[in-house]
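Contents: one structure, followed by commentary.
The values are calculated or read from the model by the stated rules, or taken from the named source; none is laboratory data. In this text the structure is predicted, and so the values were computed from the model without any measurement. Methodologically, a virtual Cβ is constructed for each residue, glycine included, from the backbone with ideal geometry; neighbour enumeration extends over all protein chains shown.
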Amino acid sequence: MIGASFWYLFLIIGLFIAEGFNDFLGNIILVVVMLSTYFIFTNYLGIKNKLPLIKSKKIAIRLVGYFIYVMCIFLIGGGLLTLTMN
């Protein structure tokens, strides 16, 4: 519980440390990327049942699924971050 409180506090503080609109938008994108990976690993709202590679019974396929989904999240987030940079 204390760890979760620190996690959310870290996200909120990181969101509001910005010098301009582009920095604020970049912080929002980073928070969304971090929360997305957090939701996948903690099975928020049964998301594992909706993602076919993570739903598999075989551990190897599940690990590959985690890797693929997290890489997709980071690639999309990184692409969006490059749009906010000047």
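Considering each residue of region 48-67 in turn, at least one proves to be modelled with pLDDT under 80 and in a helix (DSSP H, G or I).
Over 18 Å from Gly78 (Cβ atoms), of a type in the set (Gly, Ala, Ser) and not in a helix (DSSP H, G or I) - does that describe any residue in region 13-36? Within region 13-36, one or more residues are over 18 Å from Gly78 (Cβ atoms), of a type in the set (Gly, Ala, Ser) and not in a helix (DSSP H, G or I).
Pairing residues of region 71-86 that are more than 14 Å from Asp23 (Cα to Cα) and at pLDDT below 90 with residues that are surrounded by 13 or more Cβ atoms within 10 Å (Cβ to Cβ) and of a type in the set (Phe, Trp, Tyr), at Cβ distances under 8 Å and at least 6 apart in sequence or on separate chains, gives no pairs at all.
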